[in-house]
1. Select from 89, 103, 131 the residue whose mean-square fluctuation is largest in a Gaussian network model of the chain (Cα-Cα springs shorter than 10 Å).
2. Longest span of the chain, sites excluded, free of chymotrypsin sites (Phe, Trp or Tyr not before Pro) in DSSP loop with at most 16 other C-beta atoms within 10 Å?
3. Order of 39, 99 from fewest to most other C-beta atoms within 10 Å?
4. Angle, helix 13-66 long axis vs. longest principal axis of the chain, Cα atoms, 0 to 90°, nearest 10?
5. Just grab the label-to-label distance for residue 135 and residue 19, each label 7 Å out from Cα along the Cβ direction, in nm (one decimal).
6. If I build a Gaussian network model for the chain, linking alpha-carbon pairs within less than 10 angstrom, which residue out of 150, 35, 112 has the largest mean-square fluctuation?
7. Taking the Cβ of residue 169 as the center, what net charge do the other residues with Cβ under 13 Å away carry, scoring Lys and Arg +1 and Asp and Glu -1?
8. Quick check: pseudo-label points 7 Å beyond the Cα along Cα→Cβ at residue 30 and residue 66, how many nm apart are they?
Amino acid sequence: MIGARDPRAGFTLLELLVSMALLGMLGLLLGGAFHMATSHVGRRQEALDRSAELVATEAFLRERLAAAIPAVPQGWGEGAVLFDGEPDGLSFVAPAPDSVPAGGFLVYTIVHAGDGLVLRWRPYDGTVPEGPGTDTLLLPGVPEARFSYHGARDGDAPAWHGRWKEQPALPALVRLALTDGDGRPLPDLVVAPRVGVP
């Protein structure tokens, strides 16, 4: 018998090549699936990290702005509080956070610079603040930030304003509108300073 095979002879070369090709394709499929799963996890982790940055920034701004005081420095405009609100940033006086051992009051300046929000702070001693202060990148990856201020100015009805300068009181509300790196608007942060309009 020509076609008969001895059961003890093992595998033919062709059978070995086919099984190796099948194992190679299975390895490629598993490798591709593993790569896809790990890249998805990486993107999710980046999104979670960004969310954590936003939550921490919002908590800090909410805490500091809610603690703003209507300070009137010596040599400042008559009856005007130190709250300098512009569309791209603001300056105000608030107590130092617990992490500052000296305590007291600080002048906080929050500005949109480059591609992020920058926090600048310096001690407040009752005079008009001067000097560079200490800069900290508060939130990177923000190509656009817009501040607006709600309150009554110059005897008008309360409304949203692009600027709040040389006023006798703090605004009733401060709004910060941010856009993320993909151009999507983020939820607005709206804070009411503890000491608002009279």
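Readers should treat all values here as calculations from the given coordinates under stated rules, not as data from a laboratory. The structure presented is a predicted model; accordingly, all values stated were derived computationally and were not measured. Cβ coordinates were reconstructed from backbone atoms using ideal geometry, including for glycine residues, and neighbour counts include every protein chain displayed.
1. With Cα springs under 10 Å in the chain, the top fluctuation among 89, 103, 131 is at 131.
2. Numbers: sites that count: 11, 76.
Answer from the scan: 77-198.
3. Working: 39 10, 99 5.
Listed from fewest to most nearby Cβ atoms, that is 99, 39.
4. Rounded to the nearest ten degrees, it is 10.
5. Between residue 135 and residue 19, the simple spin-label model gives 6.7 nm.
6. The residue with the greatest mean-square fluctuation here is 35.
7. Details: positive: 153, 165, 194; negative: 154, 166.
After counting each charged neighbour, the total is +1.
8. So the label points at residue 30 and residue 66 sit 5.3 nm apart.
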